[in-house]
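The values are calculated or read from the model by the stated rules, or taken from the named source; none is laboratory data. Please read all numbers here as calculations on a predicted model, not as lab measurements. Positions of Cβ are backbone-derived with ideal geometry, glycine not excepted, and every protein chain shown enters the neighbour counts.
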Amino acid sequence: MSEIRLYVDEDASEGAVIVALRARGIDVVTTAETGHLGVADADQLAWATEQERVLYTFNVRDFARLHGEYLSKGLRHCGIVVLPDQHCSTREKIRRVARFIRSKTAEDMSGHMEYL
């Protein structure tokens, strides 16, 4: 079973969160690091899928819609993780994401959307 590798979209790319997740040994890349700032959500999800990464975002509405589109078309993505409460503390964001990573595998997330 393989570990989850995260792709963090630009609305969830808080520097302190990224640094803390990496310090915990979590494989994380961001839209800025991959040159994808301003890229459409559908293209972000497609790129994450090509790279076999779970997409982490605060954007519930758009990614829930994309998830539904993938399901209705019989397509697979590598997973979407959404933190609806983006106003929680940095420490809480780190805790939720790290706990999620410890509790799931990449295989668990295939084609799934999780809310933290």
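With Gly74, Gly38, Gly68 as the choices, which residue is at negative phi and either in a helix (DSSP H, G or I) or loosely packed, with under 13 Cβ neighbours inside 10 Å (or both)?
Selected residue: Gly68, the only one of Gly74, Gly38, Gly68 that is at negative phi and either in a helix (DSSP H, G or I) or loosely packed, with under 13 Cβ neighbours inside 10 Å (or both).
Could we say that Glu14 is modelled with pLDDT of 95 or more and farther than 16 Å from Arg102 by Cα here?
The answer is no for Glu14.
Are any residues in segment 77-116 closer than 17 Å to Asp27 by Cβ, surrounded by 13 or more Cβ atoms within 10 Å (Cβ to Cβ) and charged (D, E, K, R), and if so, which ones?
Listed by number, the residues that qualify are Lys104, Asp108.
Going through Thr105, Thr49, Thr57, Thr34 one at a time, which residue ends up being polar (S, T, N, Q) and touching a helix residue (DSSP H, G or I) at 6+ places or on another chain (Cβ under 6 Å)?
Residue meeting the stated conditions: Thr57.
Would you call Arg96 part of a helix (DSSP H, G or I) and either more than 19 Å from Glu114 (Cβ to Cβ) or at pLDDT below 95 (or both)?
No, not satisfied.
Identify, from the list Ser13, Ser2, the residue that is exposed (fewer than 13 other Cβ atoms within 10 Å of the Cβ) and polar (S, T, N, Q).
Answer to the check: Ser2.
Can you confirm whether Ala48 is at negative phi, at pLDDT below 95 and crowded, with 16+ Cβ neighbours inside 10 Å?
So Ala48 does not fit the description; no.
Of all residues in segment 41-65, which are in a loop (DSSP other than H, G, I, E, B), over 16 Å from Glu114 (Cβ atoms) and in contact with a Phe, Trp or Tyr (Cβ under 8 Å, 6 or more places away or on another chain)?
Gln51
Failed condition for Gln86, given (1) part of a loop (DSSP other than H, G, I, E, B); (2) in contact with a Ser or Thr (Cβ under 8 Å, 6 or more places away or on another chain); (3) in contact (Cβ under 8 Å) with a residue 60 or more places away in the chain, with all others met?
(2)
May I ask you to list pairs of residues, at least six apart or on different chains, whose Cβ atoms are under 7 Å apart, with the first in segment 102-113 being closer than 12 Å to Arg5 by Cα and the second being exposed (fewer than 13 other Cβ atoms within 10 Å of the Cβ) and of a type outside the set (D, E, K, R)?
That search, which allows pairs on different chains as well, returns Thr105/Met1; Thr105/Ser2; Ala106/Ser2; Glu107/Met1; Glu107/Ser2.
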